[in-house]
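Notes follow once the structure below has been shown.
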Amino acid sequence: QVHVVESGGGLVQPGGSLRLSCTISGLLPTYLAIAWFRQAPGKEREGVASLGTGDGITFYADSVKGRFTISTISRDNVKNRSTAYLQMSSLEPEDTAVYFCAADPLALFGIPRLEASEYDYWGQGTQVTVSS
């Protein structure tokens, strides 16, 4: 069983920054694909950023390249927990959405795709609102 919990959402002004956190715990495989998705009202869920914990490879949606950064810290093997972050800068009203963290097992040099169907484990989401 794998549990995913996001935190860090909130209200921020245009041009501001916010950091989201994702805690992944439970019976974790050696390597993970970790991704952030978002869903705005009336829109499809879209992939924002993804990372493979084996080799650190990252991918970003074109809409967030240069503004968002996905990262992870060393896994805590005692607590069987991994933590990932999404640092968001130069936020725009169009970034307003519920942001979801997702995880799935991945091979050492696997590709962490930005496709929701690739991920079995999801958090409940955290709201990000960009508004003046």
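Brief remarks follow.
- The set of residues in segment 53-82 being open to solvent by less than 40 Å² (accessible area, probe 1.4 Å) and at pLDDT 95 or above consists of A61, V64, R67, F68, I70.
- Scoring S90 on the criteria (1) at pLDDT below 95; (2) part of a loop (DSSP other than H, G, I, E, B) leaves a single failure, condition (1).
- Screening P112 on (1) under 12 Å from the mean Cα position of the chain (by Cα); (2) crowded, with 17+ Cβ neighbours inside 10 Å; (3) part of a strand (DSSP E or B) shows it passes everything except condition (3).
- Looking across segment 115-132, the residues that are surrounded by 13 or more Cβ atoms within 10 Å (Cβ to Cβ) and in a strand (DSSP E or B) come down to Y121, W122, T126, V128, T129, V130.
- In segment 4-44, the residues that are surrounded by 15 or more Cβ atoms within 10 Å (Cβ to Cβ) and over 17 Å from T69 (Cα atoms): V4, V12, I24, S25, L28, Y31, L32, Q39
- Scanning segment 53-82 for residues that are assigned to a loop (DSSP other than H, G, I, E, B) and more than 19 Å from G123 (Cβ to Cβ) yields a total of 12.
- Search result, residues across segment 48-84 that are closer than 21 Å to V5 by Cα and among the acidic types (D, E): D76
- Residue within segment 97-112 that is free of Cβ contacts under 8 Å to residues at least 60 places away in the same chain and more than 15 Å from T58 (Cβ to Cβ) present: yes
- Being more than 14 Å from the chain's Cα centre (by Cα) and either surrounded by 14 or more Cβ atoms within 10 Å (Cβ to Cβ) or outside any strand (DSSP E or B) (or both) is a property that S50 lacks.
- Residue count for segment 93-105, restricted to those that are open to solvent by less than 10 Å² (accessible area, probe 1.4 Å) and in a strand (DSSP E or B): 5
The values are calculated or read from the model by the stated rules, or taken from the named source; none is laboratory data. Quantities reported herein were computed from a predicted structural model and do not represent experimental measurements. Quick reminder, even Gly has a Cβ in these numbers, built from the backbone with ideal geometry, and neighbours come from all protein chains shown. With ligands, DNA and RNA removed, areas are computed over all heavy atoms of the protein, side chains included. Shrake-Rupley method; radii C 1.70, N 1.55, O 1.52, S 1.80 Å.
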